[in-house]
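Each remark here refers to the structure printed beneath this line.
The values are calculated or read from the model by the stated rules, or taken from the named source; none is laboratory data. Because the structure is a prediction, the values reported are computed rather than measured. Quick reminder, even Gly has a Cβ in these numbers, built from the backbone with ideal geometry, and neighbours come from all protein chains shown.
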Amino acid sequence: MDIACLLGYSKASVTKALAGLSTAGLAEVVARDVRLTPEGERIARRTLGRHRFFGGLLLEAGVDGKTASWEACREEHCLSEGSFEKLAALLGEGAT
């Protein structure tokens, strides 16, 4: 599956993003095969957990699904780990 096509980005944007991930040691790119490193996978899982947390919170508040997903995508990157853990604990979600 072509990542650019799947995500709706240009091939140049995907190539640049993958180069950055590779340089940072978060992904390995060999030919057309892309794999996350253990650190890349850890960060991806943390980011997905945050996305689900914020998306669920927004949906519960009555925000429509498309908006909730868009805004969760932005918020998942904004808070420090400590602030996110405190917010999750306050809301009884546990850190994800």
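Assorted remarks:
- Flag for Glu28 being in contact with a Lys or Arg (Cβ under 7 Å, 6 or more places away or on another chain), surrounded by 12 or more Cβ atoms within 10 Å (Cβ to Cβ) and not small (Gly, Ala, Ser): yes
- Residues being without any contact (Cβ under 8 Å) to a residue 24 or more places away in the chain and either closer than 28 Å to Leu36 by Cα or assigned to a helix (DSSP H, G or I) (or both) - total across region 49-78: 17
- Output for region 1-25, where each listed residue is part of a loop (DSSP other than H, G, I, E, B) and touching an Asp or Glu at 6+ places or on another chain (Cβ under 7 Å): Gly25
- Selection within region 58-85 - of a type outside the set (Gly, Ala, Ser) and either under 27 Å from Gly20 (Cα atoms) or modelled with pLDDT under 95 (or both): Trp70, Glu71, Cys73, Arg74, Glu75, Glu76, His77, Cys78, Leu79, Glu81, Phe84, Glu85
- Selection status of Ser22, among the polar types (S, T, N, Q) and over 13 Å from the mean Cα position of the chain (by Cα): yes
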